[in-house]
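Asks: If you scroll down you'll find the structure; I have some questions about it.
We did not get these values from a lab; they are worked out from the coordinates using the rules stated. In this text, all values refer to a predicted model and were calculated from it rather than measured experimentally. We place every Cβ from the backbone using ideal geometry, glycine too, and count neighbours over all the protein chains shown.
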């Protein structure tokens, strides 16, 4: 399960846009793009890591972007086309979805009893409780929204997936 904001679309410190709060010389590789009138800094590094992860995972968009991910990201970042995406109940807020987090009901329904890794920058306690209580292997990988998916998280995911195959 791949979130977009804070994973592929990066934010600077304190929620500022990546160009507004980070030294431009230290800014990661990527592109600025307006998506439905909202500026996003899309990380090329995160896209490269996501492409590599596709060797070990069935990637699924797990973001409020829903179908917008398919409309933009494959073409802007060279990601695969045709990835499935989760659709979320509108009007869901904390406490109104399975175990509290607004994404959990859709993730739980989609994943069923399959092993699951979820990459996101905004887990809460209910996410960790849900993951611990699942009968299938579950890994939550938290990114820092100003860095997104880096080598560190990609390596953690790859090692986890390959350990599952060996077991």
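Asks: Which order results if 107, 35 are arranged by neighbouring Cβ count within 10 Å, fewest first?
Replies: Details: 107 23, 35 17.
In order of increasing Cβ crowding within 10 Å: 35, 107.
Asks: Once both labels are modelled 7 Å past Cα along the beta-carbon direction, what's the residue 129-residue 108 spacing in nm?
Replies: A separation of 1.1 nm, rounded to one decimal place.
Asks: Quick check: pseudo-label points 7 Å beyond the Cα along Cα→Cβ at residue 144 and residue 89, how many nm apart are they?
Replies: 3.6
Asks: Want the number for residue 155 to residue 58: 0.36 nm per residue separation, take away the alpha-carbon distance, what's left?
Replies: Values: separation 97, 0.36 × 97 = 34.92 nm, distance 1.63 nm.
Once the chain is fully extended between residue 155 and residue 58, it gains 33.3 nm.
Asks: Quick one: if the Förster radius is 41 Å, what FRET efficiency do residue 164 and residue 75 give, using the C-beta to C-beta distance and rounding to 0.05?
Replies: Numbers: r = 32 Å, r/R0 = 0.77.
E(calc), rounded to 0.05, equals 0.80.
Asks: Could I ask something else about it? Give me the percent relative contact order of the stretch 43-166, please, defined on Cα pairs under 8 angstrom at least 6 residues apart.
Replies: After rounding, I find 25 percent.
Asks: What list do you get for 2, 48 if you sort them by fewest beta carbons within 10 Å? Could the numbers behind the result be given before it?
Replies: Working: 2 25, 48 17.
Ranked by crowding around the Cβ, least crowded first: 48, 2.
Asks: Residue 66 to residue 36: extension gain in nm, 0.36 nm per residue of separation minus the Cα-Cα distance?
Replies: Answer, rounded to one decimal: 9.5 nm.
Asks: Determine, for 157, 50, the number of other Cβ atoms within 10 Å of each Cβ, and report the residues in order from fewest to most.
Replies: Values: 157 21, 50 26.
Least crowded to most crowded, the residues run 157, 50.
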